[in-house]
């Protein structure tokens, strides 16, 4: 391993619309699962790996995150003023100056196995799970050298499902900074994901790899239905959502 993670950037600025009505009053990363806000499981796992310099990009209901720097050492909050009119490319753009040997994560996931965030790595790349069956998540294809050769954003089968955990070495962080500015500011591409930049916009500039893990290591909670499956106490919110949908 030739690279070591220096810091972490956690994305937590979005509306969490697929978690409404619960997310109308609580930002998605702060929704409790197993008695703990999801983002706290991410922070705790980073700390267990010796990664204590952590930048959290906030926007929607940002005041709810103010307690975190007092509870966890090394936490810094970054305000994203574009959160209500741009996709998450805006979140990494406002945090771009901290890109330097960085692990980038979403705040709305549960880290069940902290070892998947280990700080030593060889090449920039994503944590992935081998998926033989059908999925509608982003699916990566790699060659024998574990080099990413293709990504299907519409999913498919027999590929490596991309998770929102990625590591970026110093050289790639420098390139990512420039590409983010070019896409977000110069080309006004405000509606894309930050991951689009390296994977789809400038694939020839990045030599990406994968870091295999098990599906149980990281749990992504995308929708209210996913949350209810593991936390039945939120069933009332799902019932309310269904009632509102039936009235439409």
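Could you list, in sequence order, the residues of region 116-143 that are surrounded by fewer than 13 Cβ atoms within 10 Å (Cβ to Cβ) and in a strand (DSSP E or B)? I'd like the intermediate steps shown before the answer.
From region 116-143, those surrounded by fewer than 13 Cβ atoms within 10 Å (Cβ to Cβ) are 120, 132-134, 136, 143; that's our starting set.
Selection gives 120 alone.
Restricting the first residue to region 1-24 and requiring it to be surrounded by fewer than 22 Cβ atoms within 10 Å (Cβ to Cβ), which pairs with a second residue that is modelled with pLDDT under 95 and not in a loop (DSSP other than H, G, I, E, B) meet a Cβ separation below 6 Å and a spacing of at least six or different chains?
From region 1-24, the pairs are 21/237; 21/240; 22/237.
Would you point out the residue of region 144-179, among those that are farther than 24 Å from residue 117 by Cα and in a helix (DSSP H, G or I), that is nearest to the chain's Cα centre (by Cα)?
Ranking the qualifying residues of region 144-179, first place goes to 179.
Considering (1) modelled with pLDDT of 95 or more; (2) in a loop (DSSP other than H, G, I, E, B); (3) more than 22 Å from residue 213 (Cβ to Cβ), say which one residue 90 fails and leave the rest.
Of (1) modelled with pLDDT of 95 or more; (2) in a loop (DSSP other than H, G, I, E, B); (3) more than 22 Å from residue 213 (Cβ to Cβ), only one is false for residue 90: (2).
Condition (residue is touching a helix residue (DSSP H, G or I) at 6+ places or on another chain (Cβ under 9 Å), crowded, with 18+ Cβ neighbours inside 10 Å and touching a residue at least 60 places away in the same chain (Cβ under 8 Å)) applied to region 150-163: is it met by at least one residue?
The answer is no; no qualifying residue exists.
Would you point out the residue of region 33-51, among those that are without any contact (Cβ under 8 Å) to a residue 24 or more places away in the chain and part of a strand (DSSP E or B), that is surrounded by the most Cβ atoms within 10 Å (Cβ to Cβ)?
37
Regarding residue 127, is this residue under 18 Å from residue 29 (Cα atoms), touching a residue at least 60 places away in the same chain (Cβ under 8 Å) and within 13 Å of the chain's Cα centre (by Cα)?
No: the conditions fail for residue 127.
Give region 173-227 a look and list any residue that's modelled with pLDDT under 95, surrounded by 18 or more Cβ atoms within 10 Å (Cβ to Cβ) and out of contact with any strand residue (DSSP E or B) (no Cβ under 8 Å at 6 or more places or on another chain), or say none.
224, the sole residue that qualifies.
Select from region 198-236 the residues that are farther than 26 Å from residue 125 by Cα and free of Cβ contacts under 8 Å to residues at least 24 places away in the same chain and list them in ascending order.
225, 226, 228, 229, 232, 233, 235, 236
Please state which of the following conditions residue 233 fails to meet, knowing it meets all the rest: (1) within 30 Å of residue 33 (Cα to Cα); (2) surrounded by 14 or more Cβ atoms within 10 Å (Cβ to Cβ).
Condition (2) is where residue 233 drops out.
The values are calculated or read from the model by the stated rules, or taken from the named source; none is laboratory data. All figures in this text were calculated on a predicted structure; none of them were measured in a lab. Quick reminder, even Gly has a Cβ in these numbers, built from the backbone with ideal geometry, and neighbours come from all protein chains shown.
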